[in-house]
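The values are calculated or read from the model by the stated rules, or taken from the named source; none is laboratory data. Quick caveat: nothing in here was measured; it's all calculated off a predicted structure. Don't worry about glycine lacking a Cβ; one is built from the backbone with ideal geometry, like all the others, and counts go over all protein chains shown. All accessible areas refer to the heavy atoms of the entire protein, side chains included, with ligands and DNA or RNA removed. Shrake-Rupley method; radii C 1.70, N 1.55, O 1.52, S 1.80 Å.
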Amino acid sequence: MKPLYYILILASLSLPFQSFGQMQDFVWFIGGAWHTGNQEEYQDGVVWLDFSKDGYTVDTNRLHFPQQVRSGSGRSVMADEEGNLLFYYDGFDVYNRRHSVMKNGNKVFDMADLIGDHYNAPGAVNIPNWTLTLPVPGHTDRYKVIYVNITRNLDEDFYVSNGLLYSTVNMSGDGGWGEVEEKNQKLYDGQLMTGNLIPIRHANGRDWWIIAKAWGEAKWNLFMLDPDGLRLSHSMRVEDYPDFHGQIAFYDYSSDQYVVMSGEHFVPWQVYEDEPYDHTFHIFDFDRCSGTFNFDRNFEIYTWNNRYATDHLTFCPRGRFLYGSLGGHFFIQYDTWAEDVDATADTLLSRFEDYPLRSFYSPAITPRGEMLLGQWIGDNSIIKILNPELPAEEVNISEELIKTPKIYTGAFPNNANYRIGPIDGSPCDTLGINNEPVAWYRYNGMNLEHLERRFTDISYFRPEQWHWDFDDGTTYDGQHPGVHEFPGPGEYYVCLTVSNEFAEDTYCKWVVIDSLVSTTELIVGETDFRLYPNPGTGDFTLELSDPLTSPATLTVVDMLGREVHRETTSAGSVDILLSLSRDLPPGRYAITLQNEDGVLRGDLVLVR
């Protein structure tokens, strides 16, 4: 640990020079904005999550009337390598970074029978991951918007797919704001699963596979995006897969495995009110070089009936634990390494007990390896799961919810994973692209002792060696240090160095351990306060033991004495909500609450 004055100087000098890249998926939009035909009734703007190496920020914007962004599941976003927004797509229109429909970006779809239902309405198509956006390799200003051609079966009232389409975005067009070219081009004419488009980095480290399973048969279509454009590479069948309609598909990046869920009840769309639903998960090894599947294994999960069907699934970053919602009512973890996966079901959340207003929907892994859990409709909160890579009793569901400026509905965007590199030494390793590792980690102190923090490695591009320096005289060699106990309160500059045969990289950040002794200075009679969560990411609550007898001024200053926040609270207040700017750097801050009766003082610790 270093003296405080050294810490402040080093933080200001070193952090701005760190450059990471591969952040094209660091921008998510999670809410829609629409108009009602009356400009005075215009709804709130699009809600954004903007990730960084140290956390995230929440923001919103208004669109230019009468433009609108629909809520739903057709979302995909494109940013540059440093995480700066370029454009986004809601399944119907393409929007530029000014939040206006891009030139020629209106009606980027081919769903004639859905126009009246969805194009002019705030809602959208409730189908997982039926759109995606990708950069065209070798072309710095060209991008592909890819989407399933969805139509509705009017006889049985469900969605079906009649092929795959794409449009091209030229970011050099319209003065650099972008222009849609090659609009609504037919890529594939045939029935596909209605959603679950999965983009996977090719083993050469440059190109992309797009996986789209056929509807109602054991056939996969493998599309290739390379410098020559987008095309169908090949189709293949896997005989070990039964002739059921796959309903949900997802990918385990940690082991390059593709998973598809099927069940007899999907065809002919039977609804069982009084008998279990069966869900069979078929796991295939995917060869990123040849674009071929090999059957590995399957497992089954049973739920009570149609009301509790398993849906909205994702793997944890290390590939062991599967998370899913049971009809939106329960959120469950399964251990897929167990012999009997169904027997490992562990309920993490229940809408009947934990969150009575929510319907759990759309878990998603963030670029930082944490999990976010939304709801189809409810309030303006998103649940954070800090350690989804751990067993259920250790996943650490944060008490601090992500609060959005408006009610959040729908799914998270279907973004590609850009932190997957080539397969070094494979037959496809022909472009001279090497996995040069990038160091990165996150930490938290939830459910630990005061001096303990749990460290999680999230480095990428195939590191082979890990060296941790905790700035307290101790080090650790290995990928998973787990929980580290610091010797005492202070600020520690914790560094992780990763390496392989090609390169070495180091990532450092400050870890603040606050004093266990209360820092509250009691001046106002018998009044005391509790500040929580502390440490926190920006939203705090001051809980007073007695109501304020008169209005008070709440101020926050940094360790150099600079005021960073000021607000006035009313007489009678007991619980005071404090929201600090997302632009503030992490560290310790002094808080003061003062009125005509006296002053209360304390410290807070801001983490990102």
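Please go through the stretch 556-579 and give me each residue that is small (Gly, Ala, Ser), open to solvent by 50 Å² or more (accessible area, probe 1.4 Å) and part of a loop (DSSP other than H, G, I, E, B), ordered by number. It would help to see each step written out before you state the result.
Residues of the stretch 556-579 that are small (Gly, Ala, Ser), as a first pass: 561, 570-573, 579.
From the residues that got through so far, the ones that are open to solvent by 50 Å² or more (accessible area, probe 1.4 Å) too are 561, 570-571, 579.
Matches in the stretch 556-579: 561, 570, 571.
Residues in the stretch 309-320 that are at pLDDT 75 or above and open to solvent by less than 10 Å² (accessible area, probe 1.4 Å): 316, 319.
With respect to residue 201, determine if the residue is open to solvent by 10 Å² or more (accessible area, probe 1.4 Å), within 28 Å of the chain's Cα centre (by Cα) and farther than 28 Å from residue 312 by Cβ. Spell out how you get there, then give the answer.
Values: open to solvent by 10 Å² or more (accessible area, probe 1.4 Å): yes; within 28 Å of the chain's Cα centre (by Cα): yes; farther than 28 Å from residue 312 by Cβ: no.
No; evaluated as a whole, the condition is false for this residue.
Based on this model, can you work out whether residue 445 counts as closer than 20 Å to residue 370 by Cα and exposed (fewer than 14 other Cβ atoms within 10 Å of the Cβ)? Considered against the rule, which asks whether it is closer than 20 Å to residue 370 by Cα and exposed (fewer than 14 other Cβ atoms within 10 Å of the Cβ), residue 445 comes out as no. Among the residues of the stretch 429-474, those identified as touching a Leu at 6+ places or on another chain (Cβ under 6 Å) and assigned to a strand (DSSP E or B) are 441, 444, 468. Within the stretch 531-540, the set of residues being part of a strand (DSSP E or B) and open to solvent by less than 20 Å² (accessible area, probe 1.4 Å) comprises 536, 540.
Can you report the number of residues in the stretch 483-530 which are buried (at least 19 other Cβ atoms within 10 Å of the Cβ), modelled with pLDDT under 80 and outside any loop (DSSP other than H, G, I, E, B)? Final tally of qualifying residues: 1. Count of the stretch 212-222 residues, restricted to those that are touching a residue at least 60 places away in the same chain (Cβ under 8 Å) and either surrounded by 20 or more Cβ atoms within 10 Å (Cβ to Cβ) or basic (Lys, Arg) (or both), is 2. Among the residues that make up the stretch 544-555, is at least one of them surrounded by 13 or more Cβ atoms within 10 Å (Cβ to Cβ), within 31 Å of the chain's Cα centre (by Cα) and at pLDDT 80 or above? No; the residues of the stretch 544-555 include none that is surrounded by 13 or more Cβ atoms within 10 Å (Cβ to Cβ), within 31 Å of the chain's Cα centre (by Cα) and at pLDDT 80 or above.
In the set 401, 357, which member is open to solvent by 10 Å² or more (accessible area, probe 1.4 Å), at pLDDT below 80 and out of contact with any Asp or Glu (no Cβ under 8 Å at 6 or more places or on another chain)?
Among 401, 357, only 401 is open to solvent by 10 Å² or more (accessible area, probe 1.4 Å), at pLDDT below 80 and out of contact with any Asp or Glu (no Cβ under 8 Å at 6 or more places or on another chain).
Determine whether the stretch 176-187 contains at least one residue that is of a type in the set (Phe, Trp, Tyr) and farther than 30 Å from residue 255 by Cβ. The answer is yes, given that some residue of the stretch 176-187 is of a type in the set (Phe, Trp, Tyr) and farther than 30 Å from residue 255 by Cβ. Among the residues of the stretch 456-482, those identified as hydroxyl-bearing (Ser, Thr, Tyr) and buried (at least 19 other Cβ atoms within 10 Å of the Cβ) are 456, 459, 460.
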